[in-house]
Protein chains: 2
Amino acid sequence: MATGRTHRPATRSRGIPEATVARLPLYLRALTALSERSVPTVSSEELAAAAGVNSAKLRKDFSYLGSYGTRGVGYDVEYLVYQISRELGLTQDWPVVIVGIGNLGAALANYGGFASRGFRVAALIDADPAMTGKPVAGIPVQHADALEDIVRDNGVSIGVIATPAGAAQQVCDRLVGAGVTSILNFAPTMLTVPDGVDVRKVDLSIELQILAFHEQRKAGEDAAADSGMPAPAAVKGAAAAAAAMDEADPKGTDGEAPAVMPA
Amino acid sequence: MATGRTHRPATRSRGIPEATVARLPLYLRALTALSERSVPTVSSEELAAAAGVNSAKLRKDFSYLGSYGTRGVGYDVEYLVYQISRELGLTQDWPVVIVGIGNLGAALANYGGFASRGFRVAALIDADPAMTGKPVAGIPVQHADALEDIVRDNGVSIGVIATPAGAAQQVCDRLVGAGVTSILNFAPTMLTVPDGVDVRKVDLSIELQILAFHEQRKAGEDAAADSGMPAPAAVKGAAAAAAAMDEADPKGTDGEAPAVMPA
DNA sequence: TATTGTGAATCAATTCACAGCT
DNA sequence: AGCTGTGAATTGATTCACAATA
């Protein structure tokens, strides 16, 4: 993710800003919707509105990819869909494995978006022997012992971790050892990986906490402004309540990480 | 989210950078782990390593909250846990409703993190009458007709949308109409909300696409460098393949959005 | 005429580096 | 002696505003 090497001088100089890369999927989704409605062209203004960004930002983003628009007219929808798909690497097939088939892993396996263009669920892996062979989303769950073989046999380079926090690092190490170089982590823990391996993290509790912060700001900062804990003195216990949040696996039918994804 | 008002002059001048707010939950998690191991103090260096950031950034972040450390020593773990919890608004109870109890909604409902400090699942809501009354994670699912009553009766200000994309905007409108001012959206669609309402989005397909981009960069840009679609001419069809990804609900036992969250 | 593509200006976030305290 | 807190420098992202052009 942060290895700043200087590769090919092709098409356009490399170095699309990370912020731009993160928005390309947004544009692609909006363009796809237009494509389905057979809209032939869009202006930066229209497309920006559909993607929820402003048009100057969108044009600047596209300028990193090349000059794919026509002045006075706009962008050819189909052509842009193709160019962005290619830029994102979606014109090829990416086999992924999902490790940890609990509530969340199952939800991910059932996600329609996986099965469509670009990504393919190559295997579902779980450490619980009782799960082995059980079909989830039509795919039989395989035991964790076979992880390395599965990754190698399928040429998997993207792994999804949906295990409990305690197992995540170990699973990560095994995935990386077997050749995976991109990881999507749903477990609420920081993963340590060697250079050259990308990790993206999706964490519901963090998203909720950020919302709570803003919500608090809105609700007025009057009520219960200051109630205790005046100085870094002996405050043991009181704060410990805020703990528990992450780690551990309180209730939950089985333990894994909730996932992220749309219908 | 972007309303730049100038509120209370209390404790410290308002205006914690958004990037800092987004990292506070990370620090909180690391501190919580230290707290559980009864570690009394940490240096910025140690805590930064545990949270996966560098120490200068962490110190700068904390400087926005106030001077909670001790030079030559470090930070008091319990005290910092308390201060960050308070800053994030986690010292109060936030009732949340989850709308759309499919694969993903159920995974979210079962997520342990919800039940612990700060957030409480006040209700589960689904539009399917067959779901009504069925307990999920010990909480009976209620019908969507009761949405407004549920939100008002429970004083809910945070809503989680885990419905199919097609229903998301309508659900969002109803939540906002009933008084919800913060929304966590798992549906793969852009939501339009009035000023003063925050939306955070979690989207697996976007995360995967970002990973694919970096993966492609690593794999060498040789193979299949350029295969077709030379100009913005007649390219109908070819690119349409990249579509389908989002929207719609291909397979999937029932249709909702996968979720995001840890064990 | 309408709309892109992009330098220049602005704003935000990160990192440096060190003075100030304990 | 060690570590925080923070101005100053730097790097990165966004927005402005307009010349280029189909």
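What follows draws every value from the coordinates through simple rules; no lab data is involved. The structure displayed is predicted, hence computed values, not measured ones. So basically every Cβ, Gly included, is an ideal-geometry build from the backbone, and we count neighbours across all protein chains shown.
For A:Ala146, the point set 7 Å out from Cα toward Cβ sits 4.4 nm from its twins in the other copies, listed from shortest up. Computed about the Cα centre, the dipole magnitude for segment A:18-87 is approximately 140 debye when only Lys and Arg (+1) and Asp and Glu (-1) carry charge, each at its Cβ. Here the dipole of segment B:94-204 is about 360 debye; that uses its Cα centre as origin and unit charges on the Cβ of Lys and Arg (positive) and Asp and Glu (negative). Measuring between alpha carbons in the structure, the pairs from A:Lys60/A:Lys218; A:Lys201/B:Lys60; A:Lys57/B:Lys201; A:Lys201/B:Lys57; B:Lys57/B:Lys218; A:Lys134/B:Lys201 lying more than 26 angstrom apart are A:Lys60/A:Lys218; B:Lys57/B:Lys218; A:Lys134/B:Lys201.
Scalar couplings 3J(HN,Hα) for segment A:144-150, obtained by applying the Karplus form with A = 6.51, B = -1.76, C = 1.60 to θ = phi - 60°, are 4, 4, 8, 3, 4, 4, 4 Hz; x denotes Gly and Pro.
Would segment A:94-204 count as rounded, prolate or oblate if I go by the C-alpha gyration tensor, calling it rounded below 1.5 in a/c and otherwise prolate when a/b exceeds b/c, oblate otherwise? Here segment A:94-204 falls in the rounded category. Extension gain for B:Thr132-B:Asp93 works out to 11.4 nm (0.36 nm per residue, less the C-alpha to C-alpha distance). Take each residue in B:142-150, count the other chain C-beta atoms within 10 Å of its C-beta, and the mean is 0. Inter-copy label distances at A:Asp195, shortest first and taken from points set 7 Å along Cα to Cβ: 5.0 nm. In terms of other Cβ atoms within 10 Å, A:His143, B:His214 run from fewest to most in the order A:His143, B:His214. Counting Cβ atoms of other protein chains within 10 Å of each Cβ in A:15-27 and taking the mean gives 3. Ascending distances from the B:Ser43 label point to its copies in the other chains, with the point 7 Å along the Cα-to-beta-carbon line: 5.9 nm.
Take each peptide in A:181-191, A:130-140, count the other Cβ atoms within 10 Å of every residue, and average; sorted highest first, the result is A:181-191, A:130-140. Here the peptides A:42-49, B:64-71 are ranked by packing, the mean other Cβ count within 10 Å, and the order with the highest first is A:42-49, B:64-71.
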